[in-house]
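To keep things clear, I will list the structure first and then write my remarks on it.
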Amino acid sequence: MGGVGGGTLQSVTVRAGCAYRFLSRPPTRGGGFDLIFLDPPFSACGGRQWEKLMTAVLPHLAAGGSAYLESGRRIVPRPPWTEIAARRAGGVFWHLWKAEQ
């Protein structure tokens with residue numbers, strides 16, 4: 001199976017559930033995730049909640065990892081995050097951010 005950039009996909013781990021609970025655990029052994037998807041209930045993530053959530057994501061990312069977020073509004077990243085892309089699709093804003101590590 002081809003991966004992004006023509007590489008080989010080695011493994012995929014999917015964890016569905018409460019991001020806060022998952023991210024409060026110690027980081028996964030073996031280097032973390034290359035990409036983390038976050039689609040919380042929009043009413044649960046006001047301004048400061050996104051900051052807390054994105055701080056909690058950092059230790060779970062592999063070096064050079066990214067995070068995909070969906071929100072009911074546009075979110076501007078704060079360091080160490082930088083925006084790779086952001087678009088609106090109907091009433092949803094999606095964002096792809098990369099962590100500077």
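Right, Ser66: among the hydroxyl-bearing types (Ser, Thr, Tyr), touching a strand residue (DSSP E or B) at 6+ places or on another chain (Cβ under 9 Å) and under 19 Å from Pro26 (Cα atoms) or not?
Details: among the hydroxyl-bearing types (Ser, Thr, Tyr): yes; touching a strand residue (DSSP E or B) at 6+ places or on another chain (Cβ under 9 Å): yes; under 19 Å from Pro26 (Cα atoms): yes.
In short, yes.
Mind checking which residues of the range 83-92 are touching a Ser or Thr at 6+ places or on another chain (Cβ under 8 Å) and farther than 19 Å from Val57 by Cα? Don't jump to the end; show me each part of the working.
First, the residues of the range 83-92 that are touching a Ser or Thr at 6+ places or on another chain (Cβ under 8 Å): 84, 92.
Correct list: Val92 only.
Bear in mind these aren't lab numbers, they're just calculated from the coordinates by the rules spelled out. Owing to the predicted nature of the structure, the values given are computational and were not obtained by experimental measurement. Methodologically, a virtual Cβ is constructed for each residue, glycine included, from the backbone with ideal geometry; neighbour enumeration extends over all protein chains shown.
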